[in-house]
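The next block holds one structure in the form of structure tokens; read it before the comments.
The values are calculated or read from the model by the stated rules, or taken from the named source; none is laboratory data. Keep in mind that this is a model prediction, so the values were computed, not measured. So basically every Cβ, Gly included, is an ideal-geometry build from the backbone, and we count neighbours across all protein chains shown. Calculation scope for accessible area: heavy atoms of the full protein, side chains included, ligands and nucleic acids excluded. Shrake-Rupley method; radii C 1.70, N 1.55, O 1.52, S 1.80 Å.
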Amino acid sequence: MTAKELKSAVQLNVAHLNDPATRDRYLASYAPDVRLHGFPPDMPANRDGLTGLYQALWAAFPDFELTLENVVVEGDTAAVRFRWTGTHRGDFMGVPPTGLTVRGEGITLMRYADGLIAERWQAMDMLGVFTQLGMTLAPATVPSPA
């Protein structure tokens, strides 16, 4: 893929992600054996894990919409800075629906092979999302030195 084709593929994938009628096309843009980095540690790091994650996200935020802020392409890799919004209408990580509109942001790197996303790295401000939902994080218990 040329840089222009790769950038167009990213933009098309985001259009599919944002349209509930074509979200299956978004999920199909990942190779079956995609390698995922930076996702929840209990999530399988493959397309099945990613599918489950997105299905839970869409159930919690049915009007989920992602906006591309920047797309930078080098070789077979696209770096994307994004923001998203969604109304909390379903359970999200144990938090019952609040009806609040939530905003998040993050950065993703995606390496493409044979027209599909073969590897993805993710960094997202989940603390900001949790705070907007009124979630509080308890400090970790640190054992006392012996």
Problem - Hits in the stretch 93-146 - residues which are in contact with a Lys or Arg (Cβ under 9 Å, 6 or more places away or on another chain), in a strand (DSSP E or B) and among the aliphatic types (A, V, I, L, M) - result: ILE107, LEU109, MET110, ILE117, ALA118
Fill in the blank from the handout: Checked against (1) touching a strand residue (DSSP E or B) at 6+ places or on another chain (Cβ under 8 Å); (2) at pLDDT 95 or above, TRP58 satisfies every condition except (1)
Handout entry: Selection status of VAL129, modelled with pLDDT under 95 and closer than 29 Å to ALA28 by Cβ
Key = yes
Problem - Failed condition for MET1, given (1) part of a loop (DSSP other than H, G, I, E, B); (2) open to solvent by 60 Å² or more (accessible area, probe 1.4 Å); (3) under 15 Å from GLN122 (Cβ atoms) - result: (3)
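Residues checked against (1) more than 22 Å from LEU17 (Cβ to Cβ); (2) open to solvent by less than 40 Å² (accessible area, probe 1.4 Å); (3) polar (S, T, N, Q):
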{"position": "ALA79", "(1), (2), (3)": "no, yes, no"}
{"position": "ARG83", "(1), (2), (3)": "no, no, no"}
{"position": "MET93", "(1), (2), (3)": "no, no, no"}
{"position": "THR136", "(1), (2), (3)": "yes, no, yes"}
{"position": "PRO139", "(1), (2), (3)": "yes, no, no"}
Problem - All positions within the stretch 5-32 that are open to solvent by 60 Å² or more (accessible area, probe 1.4 Å) and in contact with a strand residue (DSSP E or B) (Cβ under 8 Å, 6 or more places away or on another chain) - result: LYS7, GLN11
Handout entry: Residues of the stretch 51-66 that turn out to be open to solvent by less than 70 Å² (accessible area, probe 1.4 Å) and free of Cβ contacts under 8 Å to residues at least 40 places away in the same chain, as a count
Key = 9
Practice task
State whether one or more residues within the stretch 86-103 are under 30 Å from GLU5 (Cβ atoms), under 15 Å from the mean Cα position of the chain (by Cα) and of a type in the set (Phe, Trp, Tyr).
Solution key: no
Exercise for the section: May I ask you to list pairs of residues, at least six apart or on different chains, whose Cβ atoms are under 7 Å apart, with the first in the stretch 17-43 being over 20 Å from TYR112 (Cα atoms) and the second being at pLDDT 95 or above and open to solvent by less than 70 Å² (accessible area, probe 1.4 Å)? Expected result: ASN18/LEU66; THR22/HIS16
